[in-house]
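Heads up, the thing below is written out as structure tokens.
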Amino acid sequence: MLLALLPGQAPFRVDQVMAAPGLMAALFGLQVLLAGALSWTGSRRAWLRWWLAAAALLVVTALFFGLGSWGTSDVTKLSVWLAVAPGRGTDGEPFWHLVGPLISQLPYRMAAVHGLVAAGYGLAAILLARHWQLPAWAGWWCLFLTASPMLRGFLQNGQSRQALAVLLLLPLMLRAARLVRVPWGLVGGATAWSALSHTTFPVNLLFALLPGLVSANGQARAAAGPRRRWAWLVLAALAAVPALVLLGPVALQKLNTYASQMSFFSHYAVRREVLLLQGAMALAVVLACRQRGLGLRELLSCPRSRVLGLFALLYLALQASVEWEWWPQITFRLADGVGLFLLISFLAWLRHYRAERLLLPALAVTLLYWLLGRILPSGEFRCGYDDEFLCIPDRWPGLVRY
């Protein structure tokens, strides 16, 4: 009977929300200041201050996205279902069944979880910058990821579960692409956690493993031969078997629903701000090639370039499917995962060629879009009448009615 009281489609919340562009702009401004602090302390190797600034940036990021996701459908419906129908909406995702009682104790429930997931994306960028000995860039990389229009579905539409599942596959992707020698124990644990978190795991697992086909350098390819180059595909197949057994029925049911009964899809992947970002990234690659005297032969022989090209082509294919409506109700849901791997590959490519400063045009596009296209216009939202990111709670957690 209680389930009958829940609306069947967005918006799931019609009250307890408000617009607060001033507050969100202030939090964003604080993030920029903290990114600047990371740049200053990192360039001077003041490690204690650097770590304190990094921790503060992650806390503010979690707060920003936790508050901002309060009015989105996925966050709202799961928060309500935790109160009246625990386990609903997470079939085939055991992790959320296990942590459901804990989430119910968090302030703002799934909104708090979403804030933590967004902070996880920022943490990944910060740790990569530290590992690659570019600590001064850590804060800017954090903002480049968390504010990216390529990750709008994951981080701005409150798709917390899939966003977490793909983030947990990042260690595997880094290992497959030979970008970071992540310990196999960490890779295996994160991958298993991802398998328990979202039914898109088999497809995203394939995306994470694909760099293994193109990332070996010339000497390694010659020594290993064709068998080694295809070993990653065999590993993908073996890893996908248990995932398909566990998630296959639910995933196929969802796939059938999306393909035959649903016509909804978003155009986020082909929006103007995404195209501008792609243009700025392409400009950075062209300028770096001119500075380093790189031609097509040098790029094709470079493992970093092949990985970057792989994810660039995958993302373009997903954009084409949305633009020309080739099963867009399915493919648009995969764009954010490929977008994350593309952004990470781009940062790794710039670092490899010591062209970090060429990130600035893409960073400027991202931050201007974030401030002028998302935060400041949020004062015009009709909060409660639409499914909007940046419609924040209008009351303290203890006063929320679920």
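The values are calculated or read from the model by the stated rules, or taken from the named source; none is laboratory data. This structure is a prediction, so every number in the text was calculated from the model and none was measured. Cβ atoms come from the backbone with ideal geometry, glycine included; neighbour counts cover every protein chain shown. Remember, those area values only see protein heavy atoms, side chains included, never the ligands or the DNA or RNA. Shrake-Rupley method; radii C 1.70, N 1.55, O 1.52, S 1.80 Å.
Listed here are the residues, each with its yes/no results for (1) polar (S, T, N, Q); (2) touching a residue at least 60 places away in the same chain (Cβ under 8 Å); (3) open to solvent by 20 Å² or more (accessible area, probe 1.4 Å); (4) closer than 25 Å to SER194 by Cβ.
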{"residue": "LEU313", "(1), (2), (3), (4)": "no, no, yes, yes"}
{"residue": "VAL322", "(1), (2), (3), (4)": "no, no, no, yes"}
{"residue": "ARG333", "(1), (2), (3), (4)": "no, yes, yes, yes"}
{"residue": "PHE346", "(1), (2), (3), (4)": "no, yes, no, yes"}
{"residue": "TRP370", "(1), (2), (3), (4)": "no, yes, no, no"}
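Restricting the range 74-119 to residues that are of a type in the set (S, T, N, Q) and at pLDDT 85 or above, which is nearest to ALA20 (Cα to Cα)? Restricting to residues being of a type in the set (S, T, N, Q) and at pLDDT 85 or above, the top hit is THR76. One residue stands out among those in the range 361-399 that are more than 24 Å from the chain's Cα centre (by Cα) and of a type in the set (Lys, Arg): the one that is modelled with the lowest pLDDT, which is ARG382. When GLY158 is tested against the conditions (1) closer than 19 Å to ILE344 by Cα; (2) at pLDDT below 90; (3) open to solvent by less than 10 Å² (accessible area, probe 1.4 Å), the lone failure is (1). How about the range 381-401: which of its residues are assigned to a loop (DSSP other than H, G, I, E, B), among the aliphatic types (A, V, I, L, M) and farther than 22 Å from THR61 by Cα? Across the range 381-401, the qualifying residue is only VAL400. For beta carbons closer than 7 Å, sequence separation of 6+ or different chains, a first residue in the range 182-195 that is closer than 14 Å to ALA124 by Cβ and free of Cβ contacts under 8 Å to residues at least 12 places away in the same chain and a second that is open to solvent by 40 Å² or more (accessible area, probe 1.4 Å) and assigned to a helix (DSSP H, G or I), the qualifying pairs are VAL182/ARG175.
Does ARG290 satisfy the condition of being over 30 Å from ARG130 (Cβ atoms), part of a helix (DSSP H, G or I), of a type outside the set (S, T, N, Q) and without any contact (Cβ under 8 Å) to a residue 12 or more places away in the chain?
no
Taking the range 348-360 only, how many residues are touching a residue at least 12 places away in the same chain (Cβ under 8 Å) and open to solvent by 40 Å² or more (accessible area, probe 1.4 Å)? Adding up the residues that qualify gives 2.
Being without any contact (Cβ under 8 Å) to a residue 60 or more places away in the chain, within 25 Å of LEU347 (Cβ to Cβ) and more than 17 Å from the chain's Cα centre (by Cα) is a description that does not apply to GLN105.
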